[in-house]
1. Do you know which residues across region 96-134 are under 19 Å from GLY58 (Cα atoms) and of a type in the set (Phe, Trp, Tyr)?
2. Please verify whether region 60-80 includes one or more residues that are open to solvent by 50 Å² or more (accessible area, probe 1.4 Å) and β-branched (Val, Ile, Thr).
3. What number of residues within region 88-105 are open to solvent by less than 50 Å² (accessible area, probe 1.4 Å), under 13 Å from LEU66 (Cβ atoms) and either of a type in the set (Lys, Arg) or outside any loop (DSSP other than H, G, I, E, B) (or both)?
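The values are calculated or read from the model by the stated rules, or taken from the named source; none is laboratory data. Since we're looking at a predicted model, the values are computed, not measured. So basically every Cβ, Gly included, is an ideal-geometry build from the backbone, and we count neighbours across all protein chains shown. For accessibility, only protein heavy atoms count, side chains too; no ligands or nucleic acids. Shrake-Rupley method; radii C 1.70, N 1.55, O 1.52, S 1.80 Å.
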Amino acid sequence: MLAVCCTGPSGGGLIRGRGLALAALLPDSCPLGKPMRMARPLEQAVAAIVCTFREYAGRCGDKHKLCQAELKELVQKELPTWIPTEFRECDYSKFMSVLDANKDGEVDFMEYMRSLACLCTYCHDYFKDCSPEPPCPQ
């Protein structure tokens, strides 16, 4: 059973899933208390991805989608080293149109996940030929 307490400016909430063996990531402010064991890094990453989307989605309307302003804020605050500093408004518009596969003017969770999967694939490809020791130069 997935139980993740998300907190943030938009209020967050409780996420529950059926039959998932994912440990809870519960901050001190969550009414459910602390998990029985420490969550593994991948469990933490999954919870962070879901909670981050929920934190930014819905400020402009649909709470299950990101409008362009929400996407821009998410990218600027959560991925500041991944976006060039000279990114202009038209660049965000183009980025939005690339992510918005169904062309409804918003980015839903699946479109958001595809973008993160592409980012992870890019990172994997970039570092796959690096030896584990010493770490690759940045």
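1. PHE109, TYR112
2. no
3. The number of residues fulfilling the criteria is 3.
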